[in-house]
Structures are given as structure tokens and as C-alpha cells.
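Heads up: the structure comes next, in C-alpha cells.
The values are calculated or read from the model by the stated rules, or taken from the named source; none is laboratory data. The structure presented is a predicted model; accordingly, all values stated were derived computationally and were not measured. Backbone-built Cβ (ideal geometry, glycine too); neighbour counts: all protein chains shown. For accessibility, only protein heavy atoms count, side chains too; no ligands or nucleic acids. Shrake-Rupley method; radii C 1.70, N 1.55, O 1.52, S 1.80 Å.
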Amino acid sequence: MSGRTFRPPSVTDHPHAVSAYVRRLVADGILVSLAVVLSIVERWIPLNFLIPVPGIKLGLANIVTLFALYRLAFVDAAAILVVRCVLTSLFLGPASLVFSLFGGTCALLVMALLRRGDGRAFSVYGVSMAGAAAHNIGQVAAACLILQDLSLATSYLPMLLLVGLLTGIPTAAAAVPVLRRLKKI
Amino acid sequence: MSATSTARRKAPQEQSLWKTLRPGDVVVVVAVVALAVVLWSGSHLSAAKVTGAELVRDGTVLRTFTVQELDTDANYAFESLGYHYTIRTGGGRIRFAAADCPDKVCVQTGWIDRPPQVAACVPGHLLLRMTGNSDGVDVNNR
């Protein structure tokens, strides 16, 4: 990992610092494209046949957020998240932008918090499940704000929270082998 | 950061899932389940008598459906924020039957027939909810 700041290198910097910066920029770009693809692909998975809760999804793009949090830095994960949400809304329509940003930010903050301590307290599975729950809470909070009504929080959110525990497991299971093999980026 | 070596590194040994898990993971599961149960029991435990249904947009009631209307098979057309909806009643139930909104979550929700069930369409800011009362307990959490 190359530093935790987001300062572009200057000409007076050591060449190694410049190349590390470029490498990190490239990694972020690749992760953004991966996250956009995963956001679109997860729409094709008919999860509703397995779990009949309306509006649920696997949260595959969370694999990318997890990876960025563990192997890059918080700023990278946050930047990837925002760019991913904006790009995805260009493909899938702007209606979902507020929700993906709200839910994504909640998930990112919770996962960044639980990820501290380098996996002694929480494994990737716990972090992923908590992130899924936070994502659902953020989305329902956004929906409650838009509809100006709290009834979704009691009628819909409990189901979403339980589904989030289930969908958080395959996302973490996908992230774990990648994290184990890519120690450095 | 050192230059990556071209020598092929051995893939690390996969650990079993049970070795990977940490005590905090159990805390996460318990906390999320507890939150879900608390939210759910806050509204679902009181057995409410159905008094009808209402269609709400941005906190204002657009249309109230009486119990008699819910028992009659009928379709109602609504327009909200440029989207078009068909709301169907019958057999004491109500649902979004069709919609041209982007995500169709409202239609997927299906029939609702007792409080505090809701069907919501966030793009059109529409909320369809069952209303009821149970001995003075406010089941709508309003």
C-alpha cells in the first residue's frame, strides 16, 4: 500500500512515489469499472425466486468496497463508491442514485469502523454482513425521508436486515480469496 | 513499495471458514437480528382490526379505501410524478397491479391485507398502506 493520503505527486518527488501514485490511481480505476459491471450484472440474478422480498439484491459491488477498504485506503473506497454510484445511475436510471449513495455511504462508514483492528475482532464475513445491514438501513432511511413516512422502517426494514445477513455471506466469501491472494496492490 | 517479483508465488493455504470467523461476527449477527426483531415487534404484535387502506404521497393522503372498497374487485388509475399506476382491490386486499416506474418494487410487493403492511413506490413517492386500530393502540406509528 502506498501511503494513505490523496496528494498528487509533484515533479520534485522521488520517482518511486510517482509510480506508486500512478499504480494506485490505476487500481482505483480498475476497481470502479469492476464495481459498475457487478452492479449491472447483479440485476440479472433472479434472487426473488429464492427469497420473496421485493427489491432485494446480492450487493456484489460491495466486494469491491471491501477490497478497497482492506487493500487500499478509506479515501480510495469512498471515491470508488461515489464514482460507481454516479456511473451506474447513467446505465440504470437516476432514480436509484440517492439510494445507492445513501446506502453505500452507510455501509462504507460501518465497514471502515469494523475493519479497524485488522481482523482481530471482526472477520471479513462480519464486516460484510454489518455493511449489508448498514446499506439496508441507509436505503430505507432515504426512502422514509422521500416518502415522509416511517412505516417502511417497521414493515420492510426487518425483512431487509435478515436478508442482508444472508447476502453478506456470499459477498464476503467472494472477497476473502481475493484478499488472501492480493496482499499488495 | 518494492517492484513486484516475476517469480510465481505459491497461493496461500485456504483456511476453513470456522477458523476465519472472529467473535465480533457473532456480535454482528446477534445485533442485526435483535434490531430486526425489535423493529418488527414494535408494529406487528398488536392485532389490529382493518379499517381500510390509504394512498399517501409525501405525507398527504391522496385517497382512502374503505373496507367495502377493498372487498370489491376494482382497478384504480393514478398518476404521480409522471409515472402511471394501476391499483387493484378485491377480497379485502389491495396492491399495485401495474406501474411504469423504473424499479417495480411496488408491484413486486404484491397484495397487502392487514396493518402495518405497506407497498411503496419510491420513484413516484407513493405509499399504499393498510390502516387499522386495536383498542387505541396507534398501529401506524404516526
Calculate the dipole size of the range B:48-133 relative to its Cα centre from +1 charges on Lys and Arg beta carbons and -1 charges on Asp and Glu beta carbons; express the result in debye to the nearest 20.
-> 220 debye
Long-range lysine pairs (8 or more apart or interchain), the protein assembly as shown, Cα under 24 Å | 6
Summarise the accessible area of the range B:48-135 (1.4 Å probe, protein heavy atoms) by the percent that is carbon and sulfur.
-> 47 percent
Considering the zone a paramagnetic label at A:Leu166 would reach in this model (a point 7 Å from Cα along the Cα-to-Cβ line), which residues of the range A:31-61 have amide N under 19 Å from it?
-> A:42-61
Of A:Thr154, A:Val110, A:Phe67, farthest towards positive along the dipole that unit charges on Lys, Arg, Asp, Glu beta carbons give chain A = A:Phe67
For the protein assembly as shown, with every protein chain kept in place, what is the accessible area per residue (1.4 Å probe, Å²)?
-> 52 Å²
Pop out a list of residues from the range A:53-69 that are at least 10 Å² less accessible with all the protein chains around than in their chain alone; 1.4 Å probe, no ligands or nucleic acids counted.
-> A:Pro54, A:Gly55
With +1 on each Lys and Arg Cβ and -1 on each Asp and Glu Cβ, and nothing else charged, work out how big the dipole of the protein assembly as shown is about its Cα centre, in Debye to the nearest 20.
-> 1760 debye
Over all residues in A:117-125, what is the mean tally of Cβ atoms on other chains that come within 10 Å of each residue's Cβ?
-> 5
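Which whole number gives the average count of other chain Cβ atoms within 10 Å of the Cβ atoms across peptide B:101-109?
Mean shielding by partner chains, rounded to a whole number: 4.
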Determine the equivalent ellipsoid of the range A:15-181 by diagonalising the alpha-carbon gyration tensor, then write out the semi-axes as square roots of 5 times the eigenvalues, largest first, rounded to whole Å.
-> 27, 18, 15
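For peptide A:137-147, how many partner chain Cβ atoms fall within 10 Å of a residue's Cβ, on average?
3
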Pseudo-spin-label distance A:Val82 to B:His84, built 7 Å along Cα→Cβ, given in nm, is 4.0 nm
Carbon and sulfur together cover what percent of the accessible area of chain A at a 1.4 Å probe radius?
-> 74 percent
Probe 1.4 Å, protein heavy atoms only: A and B together bury a total accessible area in Å², to the nearest 100, of 3500 Å²
Between the helical axis of A:74-92 and the dominant principal axis of chain A, each derived from Cα atoms, what acute angle in degrees is found, rounded to the nearest 10?
-> 50 degrees
Show me B:26-39, B:86-99 ranked by packing, highest mean number of other Cβ atoms within 10 Å first.
-> B:86-99, B:26-39
